[in-house]
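Okay, structure first, notes after.
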Amino acid sequence: MHDLRSLRVLVFWTAFSCLMFELLIARLADFFIGFRNSFLALPVTFLGLALGSLYVHFRPQVVGRFTVRGSLFALAAVSFSTLAIVLVILTRGFTIIAADDAGFYLGDAAAKTAIFVAGFIIPFFVFGRILTLCYHVERDHIGRIYSADFFGAALGCFATPVLFHFISLPGVVLVWMISLSAVVVFFLKANTRVTAAVVAGLLALNVGFFYAVRWLEGSVEYQYYSREEDAPKTREIASRWNEFSRVQLVRFEFKNERRSHYKVIHDDGRSNVHVRAFTPGRTTMPVVLDALESPFIMGHDIKDALVMFAGCGDEMIRIRELSGDKARVTGVELNPACVALPTSAPELESMRIADFFKLPDVEMRFMEGRAFLMQNDKKFDMIYVGSSAPTALQVTGHTRKYLYTKEAMREYLRALAPHGVLIFDYQGTNFIVQILKVLAAEEGFAPIDDKVILLRSRFGKNRPTTNDLLFSKDGFTDEDVKRLTGFHAEAADMVRYAPGIANPKAADKALVKGPLIDAKEIVTDDRPFIIDLDFSNYRPIPEQATLQDLRAYESWLRITTLIGLVTLAGLFITWASWSRERRAPAPALAYLLISGFCYMLVEVALMAKLELFMQDPAVAMATVITIFLLTTGVGSLVHQRLISLVGIRVFPFVVAALVLLAIPALRVVLEYLVGLPLVVRLLVVAVVTFPIGTALGAFYPWLVDRLVATDHGSNVPITYGISTLASVIGASFAMTMMIPWGFNRLLLLGVAGYVVLGVLIVVHAGLLRRPLFGAS
């Protein structure tokens with residue numbers, strides 16, 4: 001027999017380790033298999049958990065062999081060994097390919113992704129097996145056991161980003177290993193000699209693993225500019241994993257030494273910034289026709305400048321030099337490591353970057369860009385939005401996407417001084433122009449024919465919709481345009497559109513002067529993705545050209561993953577339900593599928609919307625999801641009392657109403673409460689999420705209670721598997737369809753799902769008078 005307290009501790013630490021391990025591999029995925037494939041970390045987690053549950057369902061004899069100590073040893077052994085093996089293979093067997101070149105190394109990417117998925121699904125299988133066994137053994141106390149799962153996951157979710165803020169990957173892995181080792185020792189129950197030997201062995205393993213991880217992740221090889229004839233050698237000078245990315249300071253050494261330079265690179269090169277030397281008192285004149293130098297070419301007097309995505313100050317230094325060493329320059333950068341690495345590296349000391357940031361008229365703000373715009377009251381003569389890797393803007397887990405929405409554009413315009421210039425460097429300009437046209441119509445400064453200049457970017461010659469964009473609410477003068485078009489021999493051809501030029505490019509003229517597009521196509525905070533999914537041209541087996549087009553590849557991968565996971569989950573569900581003897585009742589299966597699917601729709605949508613409210617992706621991860629998991633655990637703990645308030649026939653309709661009310665509530669929160677202090681914002685998040693999270697936590701344990709009460713207790717193992725498979729489908733569906741649909745439509749689909757669940761229960765219990773959904 002197993003005592004309830006021990007099992008609750010086991011579930012708590014299993015869930016803690018599982019969630020922390022999930023977040024660890026999610027960070028590893030961005031770097032090792034690329035940000036386009038990294039979203040697979042979440043489906044891998046749920047699929048592994050489901051397989052562990054199915055194993056218990058098909059092998060019921062494992063229940064008799066289940067022990068807490070044996071489970072913990074298996075968990076620690078499998079987790080440690082899997083992480084070690086996968087890290088060795090990925091670091092010693094593969095090269096990190098820059099994101100822009102990844103489409104030309106698809107075999108390499110596929111191999112790495114396959115190893116990642118196959119390797120890391122194993123520990124989650126063990127996690128799922130242990131949790132299912134605990135639920136089955138203590139099915140009469142399912143509320144207390146299931147709540148321990150959510151409470152442990154909440155702790156893991158809170159601890160991981162906080163740890164990454166202070167220490168790098170090897171240290172976070174060490175903390176995870178120590179916590180799991182401590183639980184193993186706690187349940188060891190051996191004599192002093194054996195305990196001491198186990199402690200010594202685990203201590204040696206933890207320390208050795210720490211140094212091994214530090215050596216492995218620091219010894220990777222990079223391949224950048226791989227398609228150039230003069231491909232450089234790369235040398236990593238320093239690196240740091242934090243809550244945002246793996247940041248590395250890299251020296252690029254070309255055969256032509258004049259091309260050699262330093263860069264700060266994020267993960268697999270999805271974003272990188274140039275490192276520029278600072279010379280005190282240096283002034284320069286414009287020498288190239290590009291986004292940053294254009295205001296100075298036009299002769300604008302730039303006294304105050306704002307640089308978004310400021311990196312380590314490259315553009316800030318250029319603006320200072322172009323202004324005659326006079327402009328007051330403010331930079332906004334999310335990741336402090338962008339400045340910390342180059343300013344602390346002895347090799348770069350002569351570049352004097354740290355001295356630049358000490359100037360009295362230079363300010364670097366390390367915060368989320370949208371949060372800065374919302375809190376800023378200063379007016380700027382120039383707002384420069386640096387290239388933010390257009391290929392990465394469809395990433396679903398990054399707040400960067402909220403700097404290109406209609407609401408963000410309104411904040412940019414609010415921060416412009418009279419005659420100020422808003423600049424987007426090397427961006428997909430079509431959607432920005434459309435947003436500006438809508439805002440001009442709403443705010444009374446339409447049309448924008450004389451307010452826009454489009455330049456062919458020096459970096460985007462082969463991307464026709466990727467340009468430099470200049471915008472001024474007061475419009476550009478004939479003299480401004482004349483200075484640009486006459487700057488050098490090729491300047492007139494580089495100006496794709498400007499007011500008054502004789503031969504603007506037809507497509508760009510139509511873009512600026514054409515009619516407003518449908519409001520549903522505008523990029524907003526509710527649908528902040530500029531790159532849509534192409535369902536109409538989808539083919540299961542794509543052409544080679546599709547795979548090498550980064551945007552087409554992203555679309556194909558997400559759609560294929562969704563179809564594949566839905567198919568796989570359907571096969572597993574059919575397989576698990578094939579045996580009549582152990583098959584759960586059909587209404588119970590429908591209940592689990594609907595509730596599990598809708599849970600992920602609601603969770604993903606709420607987290608995405610509140611991510612902006614918390615103003616920092618790390619804070620959002622450490623607080624919003626943690627609060628949601630805690631409230632879900634509370635709902636599991638009090639599920640019987642909670643559902644008895646209205647009865648199960650009404651409860652799904654109440655949940656649907658709560659989710660529906662969250663849509664206008666979140667609109668109010670995002671429009672009026674963003675400027676509140678952090679502590680108050682946390683309270684707001686708790687108020688918004690508590691009723692929904694608590695209600696969602698009651699569904700699963702209530703069904704387990706009913707299965708036990710109606711003599712279907714042997715079906716408990718499969719219930720967790722079915723619920724988790726439904727979460728696989730729900731998570732994949734939400735993370736795919738949020739791109740074309742937005743977040744509110746996901747919430748509305750969740751509302752519809754809970755209504756359907758309510759109808760199912762009413763029909764089954766009320767009209768058919770079947771016992772499963774009867775009184776508790």
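The values are calculated or read from the model by the stated rules, or taken from the named source; none is laboratory data. Note that this is a predicted model, so its numbers are computed, not measured. Every residue, glycine as well, gets a Cβ built from its backbone with ideal geometry; the counts of neighbours run over all protein chains shown. Accessible surface is based on the protein model in full, side chains and every heavy atom, while ligands, DNA and RNA are left aside. Shrake-Rupley method; radii C 1.70, N 1.55, O 1.52, S 1.80 Å.
Things to note:
- Among the residues of segment 447-480, those identified as in a loop (DSSP other than H, G, I, E, B), modelled with pLDDT of 85 or more and more than 18 Å from ALA507 (Cα to Cα) are SER472, LYS473, ASP474, GLY475, PHE476, THR477.
- Condition check for TYR412: under 26 Å from the mean Cα position of the chain (by Cα) and modelled with pLDDT of 95 or more: yes
- Condition check for VAL659: open to solvent by less than 20 Å² (accessible area, probe 1.4 Å), under 25 Å from VAL756 (Cα atoms) and modelled with pLDDT of 95 or more: yes
- Residue match in segment 29-39 (condition: within 24 Å of SER723 (Cα to Cα) and in contact with a Pro (Cβ under 8 Å, 6 or more places away or on another chain)): no
- Of the residues ILE517, ILE501, ILE453, the single one that is crowded, with 19+ Cβ neighbours inside 10 Å and of a type in the set (Val, Ile, Thr) is ILE453.
- Qualifying residue in segment 214-237 (condition: of a type outside the set (D, E, K, R), in contact (Cβ under 8 Å) with a residue 24 or more places away in the chain and under 30 Å from VAL9 (Cβ atoms)): no
- Cβ separations smaller than 6 Å between residues 6+ apart or across chains give the following pairs from segment 620-649 residues that are without any contact (Cβ under 8 Å) to a residue 40 or more places away in the chain to residues that are open to solvent by 40 Å² or more (accessible area, probe 1.4 Å) and assigned to a helix (DSSP H, G or I): VAL646/VAL654.
- Restricting ARG706, ARG681 to those that are modelled with pLDDT under 90, closer than 13 Å to TYR591 by Cα, open to solvent by 10 Å² or more (accessible area, probe 1.4 Å) and not aromatic (Phe, Trp, Tyr) reduces the list to ARG706.
Residues are listed down the side, and each one gets a yes or a no for (1) open to solvent by 40 Å² or more (accessible area, probe 1.4 Å); (2) within 20 Å of MET177 (Cα to Cα); (3) of a type in the set (Phe, Trp, Tyr):
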position	(1), (2), (3)
LEU28	no, yes, no
SER38	no, no, no
ARG65	yes, no, no
LEU72	no, yes, no
SER79	no, yes, no
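- Test for VAL264: is it touching a residue at least 12 places away in the same chain (Cβ under 8 Å) and touching a Phe, Trp or Tyr at 6+ places or on another chain (Cβ under 9 Å): no
- PRO528 being out of contact with any His (no Cβ under 7 Å at 6 or more places or on another chain), farther than 18 Å from LEU51 by Cα, open to solvent by 80 Å² or more (accessible area, probe 1.4 Å) and not charged (D, E, K, R): no
- Given (1) at pLDDT below 85; (2) open to solvent by 60 Å² or more (accessible area, probe 1.4 Å); (3) of a type in the set (Gly, Ala, Ser); (4) outside any helix (DSSP H, G or I), index of the condition ALA489 fails: (1)
- Screening ALA153, ALA182 for residues that are among the hydrophobic types (A, V, I, L, M, F, W, C) and either without any contact (Cβ under 8 Å) to a residue 12 or more places away in the chain or touching a Lys or Arg at 6+ places or on another chain (Cβ under 8 Å) (or both) leaves exactly one candidate, ALA182.
- Residues (loosely packed, with under 15 Cβ neighbours inside 10 Å and not β-branched (Val, Ile, Thr)) located in segment 550-572: GLY564, GLY570, LEU571
- Residue within segment 117-134 that is modelled with pLDDT under 90 and either basic (Lys, Arg) or open to solvent by 30 Å² or more (accessible area, probe 1.4 Å) (or both) present: no
- Hits in segment 245-274 (condition: in contact with a helix residue (DSSP H, G or I) (Cβ under 7 Å, 6 or more places away or on another chain) and buried (at least 21 other Cβ atoms within 10 Å of the Cβ)): SER245, ARG246, VAL247, LEU249, TYR262, VAL264, ASP267, ASP268, GLY269, ARG270, SER271, VAL273
- Subset of segment 250-304 (residues that are under 30 Å from the mean Cα position of the chain (by Cα) and farther than 30 Å from ILE33 by Cα): ALA291, LEU292
- Cβ-Cβ under 7 Å pairs, at least 6 apart or on other chains, segment 339-353 side touching a residue at least 40 places away in the same chain (Cβ under 8 Å) and within 17 Å of ASP314 (Cβ to Cβ), far side among the basic types (Lys, Arg) and open to solvent by 30 Å² or more (accessible area, probe 1.4 Å): LEU341/ARG240
- For segment 40-63, a tally of residues being open to solvent by 10 Å² or more (accessible area, probe 1.4 Å) and within 17 Å of THR719 (Cα to Cα) returns 9.
- Residue-level analysis places VAL162 outside the set of residues that are within 24 Å of THR724 (Cα to Cα) and open to solvent by 40 Å² or more (accessible area, probe 1.4 Å).
- Restricted to segment 534-548, and to residues there that are modelled with pLDDT under 85 and of a type in the set (A, V, I, L, M, F, W, C), the residue that is surrounded by the most Cβ atoms within 10 Å (Cβ to Cβ) is LEU547.
- Checking every residue in segment 275-298 against the condition of being touching a residue at least 24 places away in the same chain (Cβ under 8 Å), surrounded by fewer than 21 Cβ atoms within 10 Å (Cβ to Cβ), not in a loop (DSSP other than H, G, I, E, B) and not hydrophobic (A, V, I, L, M, F, W, C) gives zero matches.
- Conditions (1) part of a loop (DSSP other than H, G, I, E, B); (2) in contact (Cβ under 8 Å) with a residue 60 or more places away in the chain; (3) surrounded by 22 or more Cβ atoms within 10 Å (Cβ to Cβ); number of the one not met by CYS312: (2)
- Residues of segment 413-446 that turn out to be open to solvent by 10 Å² or more (accessible area, probe 1.4 Å), out of contact with any helix residue (DSSP H, G or I) (no Cβ under 7 Å at 6 or more places or on another chain) and not aromatic (Phe, Trp, Tyr), as a count: 12
- Condition check for VAL762: in a helix (DSSP H, G or I), of a type in the set (A, V, I, L, M, F, W, C), open to solvent by 30 Å² or more (accessible area, probe 1.4 Å) and out of contact with any Cys (no Cβ under 6 Å at 6 or more places or on another chain): yes
- Residues in segment 360-409 that are part of a loop (DSSP other than H, G, I, E, B), out of contact with any Asp or Glu (no Cβ under 8 Å at 6 or more places or on another chain), at pLDDT below 95 and of a type in the set (D, E, K, R): ASP377 only.
- Once segment 586-625 is narrowed to residues that are within 19 Å of the chain's Cα centre (by Cα) and of a type in the set (Phe, Trp, Tyr), the residue that is modelled with the highest pLDDT is TYR599.
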